[in-house]
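Take a look at the structure set out below.
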Amino acid sequence: MSKIILTGDRPTGRLHVGHYVGSLRRRVELQNSGMFDKIFIMIADAQALTDNAENPEKVRQNIVEVALDYLSCGLDPEKSTLFIQSQIPELCELSFYYMNLVTVSRLQRNPTVKSEIQMRNFEASIPVGFFTYPISQAADITAFKATTVPVGEDQLPMIEQTKEIVRKFNSVYGDTLVEPEVLLPDNKACLRLPGIDGKAKMSKSLNNCIYLSDTEEDVRKKVMSMFTDPNHLQVSDPGKVEGNPVFIYLDAFCKDGMFAEYLPEYANLDELKAHYTRGGLGDVKVKKFLNNVLQEELAPIRTKRKEWEKQIPEVYEILRKGSIAAREVASATLDDVKKSMKINYFDDNALITEQSKKYAE
Ligand code: ATP
Ligand code: MG
């Protein structure tokens, strides 16, 4: 069976370092590993509209921002198909049929959707489109017969929902769809990177992000203002590294070699953590180190972005071509789905013969 990746991001803002460690960095590695037959990377504008219906301009503006972030991180349109969700109408058709296979109470139990509803103050008036986005995500994944979905931890319930839909569909209509596997980051710190404010998740909607496109100075300021252990008041105080975003970011980004370059008095992160825990190591010193670590990772991305920013028409052309290629694949899957569901009336010669016979008798 072919190995196919589908993943993507909502164009609700520029991409941040949470996206990078949670999914983007891995995608680029997988792309370059040559282990996959096809890679589809989707800008999920239709999904972004489910909670931004009154703000289409925001979604429209951010399409190119997300595409620029992709290209500057190393996603290569020669190897990966980059496309825009709304340009593939087949995805809506698939969602519509999958809706019959999911109950309202099942959707209500989705923990990510639950917390997102709370975060957006939707409790009293949840848009139906938003409530059902896990179904539309199942359509996105299955349309490309994806076997592998590299995402952050918050997406686990969505992949679970997709698997349920696939199993249900295949058992009712016959083997048609492919069950996907989630691919989470190996590094625990990357599963759900916290915000610079210490909140559980760095998220565009929470305004607590370090963006891949932030300037060197923005990154430095954000790092220096980061939330740390609130009880670590004096340098001599013992500090906590668990749940401390500065150390979580170091877990996510720091490589051993970086100590020799920026903080030679420590051999590795364990030594730094031990000193902080013992007391006698100030936040400013750790933050300065983190800043160097982040700048090293982000500088090449920033440079590449500057180049792509000069080629905006080419960026749209990449998305246009990618959307055409993606549509062909989704359309073939929709044909399979309709055939399995027996709603392919005009291609079904057996149906015409059967009905003719019925009336000939
Ligand atoms: P929004 O607030 O609009 O939902 P978001 O910041 O949550 O935006 P998404 O576009 O929903 O971003 O997520 C895209 C991908 O990035 C998903 O695979 C998600 O798991 C991953 N991701 C998002 N935020 C983080 C994070 N803080 N840590 C790790 N992975 C993340
Ligand atoms: Mg999200």
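The values are calculated or read from the model by the stated rules, or taken from the named source; none is laboratory data. These numbers come from a predicted model, not from an experiment. Every residue, glycine among them, receives a Cβ derived from its backbone with ideal geometry; neighbour counts consider all protein chains shown. Side chains are part of the model used for accessible areas, which takes the heavy atoms of the whole protein and leaves out ligands, DNA and RNA. Shrake-Rupley method; radii C 1.70, N 1.55, O 1.52, S 1.80 Å.
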field: Carbon/sulfur fraction of accessible area - the chain, other protein chains in place, 1.4 Å, %
entry: 52 percent
task: Calculate, axis by axis, the spread of Cα positions in the chain along the three principal axes, and write the results as whole Å, longest axis first.
output: 96, 44, 40
- prompt: Using mean Cβ contacts within 10 Å as the protection proxy, how do 97-104, 164-171 order, highest first?
  reply: 164-171, 97-104
message: Quick check: pseudo-label points 7 Å beyond the Cα along Cα→Cβ at ARG302 and ASN32, how many nm apart are they?
response: 2.1 nm
message: Compute the distance from the alpha-carbon center of region 36-89 to that of region 111-129, in whole Å.
response: 23 Å
message: Cβ neighbours within 10 Å, averaged per peptide: list 235-243, 248-256 in order, most packed at the top.
response: 248-256, 235-243
In nm, spacing of pseudo-spin labels at LYS285 and GLU164 (7 Å Cα→C-beta vector): 5.1 nm
message: For ILE312, project a label point 7 Å along Cα to C-beta. Then give me every residue of region 63-83 with its amide nitrogen under 11 Å of that point.
response: 64-65
query: Based on DSSP H runs of at least 4 residues, each adding -39500 (n - 2.57), what is the mean residue ellipticity at 222 nm of the chain after dividing by all its residues, to the nearest 500 deg cm²/dmol?
result: -16500 deg cm²/dmol
- prompt: Cross-link list LYS204/LYS287; LYS114/LYS338; LYS163/LYS255; LYS199/LYS304; LYS201/LYS288: which exceed 26 angstrom alpha carbon to alpha carbon?
  reply: LYS114/LYS338; LYS163/LYS255; LYS199/LYS304
message: Roughly how far apart, in whole Å, are the Cα centres of region 146-184 and region 232-263?
response: 37 Å
statement: FRET efficiency for VAL104 and GLU361 from the Cβ-Cβ distance with R0 = 30 Å, rounded to 0.05, comes out at 0.10
- line: Ranked output for segments 181-193, 134-146, 263-275 by mean other Cβ atoms within 10 Å, highest leading, reads 134-146, 181-193, 263-275
- prompt: Roughly what would the spin-label model give for GLN234 and THR277, points 7 Å off Cα along C-beta, in nm?
  reply: 2.3 nm
